[in-house]
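Remarks on the structure that follows.
Here, each number is a calculation from the coordinates, and none is a lab measurement. Here the structure is a predicted model, which means the values were calculated and not measured. In this analysis, Cβ positions are derived from the backbone assuming ideal geometry, glycine residues included, and neighbour counts consider all displayed protein chains.
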Amino acid sequence: MHPAELVAIDGRTLKRGDTASPLSITGLTVTYSGKPVVFSVDVTVPAGAMMAIVGPNGAGKSTLIRAALGIVPRLSGDVTAFGQPVATVRDRIAYVPQRASVDWDFPATVLDVVVMGLYRRIGLLRFAGRRHRATAMACLERVGMAGFAGRQIGQLSGGQQQRVFLARALAQDADLYVMDEPFAGVDAATERAIIDVLRTLQAEGKTIVAVHHDLATVPVYFDHVLLMNVRAVADGPVATTFTPEHLQTTYGGRLAPAQLDDIAAALAGRRTAAAS
């Protein structure tokens, strides 16, 4: 079910558990009220990958990344980032939560929110200086939100809020970006802006892991995928893992033929682009 080796973007071969992996999860299980919502999941994210985590509603996708980062407790399993316990390398990891989980009534400006991404550098008991604010403004510029720096965060549209949280992640200057549904509820322009930024990060050698729900865009946006439904179904390169057989297993045979046709077309387009 799981390949023994994975290929990094730069062509290197990574074995499962390779300490060079930005995120390696082994046997992770999470329970709520005694019921497993994530069960014995293994996945190793190749360095420099853009990996989607895909599965039906209630499959445990968000719980998996939250447990891997220590945000929610896990019953069992081991997680390392860059070969170290996650707690020791938090400065190398940026997390973008689901927009629905954020209190948008919190009295903070757009610039304030992005500066929060610099607190590990600034120190919790210190104030942000001119240099820190300049860095935050540069991050807002990258996501097209510099003109909203003084706006209260709750006054923004959903897509604008998502861009601001991406800017906060950029301010952390991390090596691993973990994102929970970054494209959910955003307009087409914001989706394009976000994927452009993520591709730039990948070109800079960063690794991106994102919970994703739109099956048709997986072959367009991502190069690796984890398919899961409480358990891991398959993971690896999109070209060989994102198959109708694996998808039907993941979704319990509920995908319509038209959906599978769209996915097949997207995969064919990816192969054509790779060959050109």
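Tabulated data
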{"item": "GNM top mover of Q259, Q162, Q152 - the chain, alpha-carbon springs below 10 Å", "result": "Q259"}
{"item": "Estimated [θ] at 222 nm from DSSP helical runs (n ≥ 4, -39500 (n - 2.57)) normalised by residues in the chain, nearest 500", "result": "-10000 deg cm²/dmol"}
{"item": "Order of S21, S157 under a 10 Å beta carbon neighbour criterion, fewest first", "result": "S157, S21"}
{"item": "Highest-first arrangement of 140-147, 267-274, where packing means the average Cβ count within 10 Å", "result": "140-147, 267-274"}
{"item": "Lys/Arg +1, Asp/Glu -1 at C-beta; the chain dipole; positive extreme among V220, T272, L28", "result": "L28"}
{"item": "Where Rh is the Kirkwood radius over Cα pairs, Rg/Rh for the chain", "result": "0.96"}
{"item": "Assigned charges on the beta-carbon of Lys, Arg, Asp, Glu; the chain dipole about Cα centre (debye)", "result": "740 debye"}
{"item": "Backbone N within region 39-55 under 15 Å of label point (7 Å from L75 Cα along the Cβ vector)", "result": "39-42"}
{"item": "Separation between Cα centres of region 189-207 and region 32-46, rounded to whole Å", "result": "27 Å"}
{"item": "Long-range amide H partners of M179 with built H, under 5 Å", "result": "V96, V209, A210, V211"}
{"item": "Cα-based shape type of region 202-276, given that a ≥ b ≥ c are square roots of the gyration tensor eigenvalues and the cut on a/c is 1.5", "result": "oblate"}
{"item": "Mean separation of Cα contacts under 8 Å, 6 or more apart, over the residue count of the chain: relative contact order %", "result": "23 percent"}
{"item": "Overall form of region 51-135 per C-alpha gyration tensor (a/c, 1.5; a/b vs b/c)", "result": "oblate"}
{"item": "Selected from A136, T240, V86, residue furthest toward positive end of dipole (region 5-275; charges at beta carbon)", "result": "A136"}
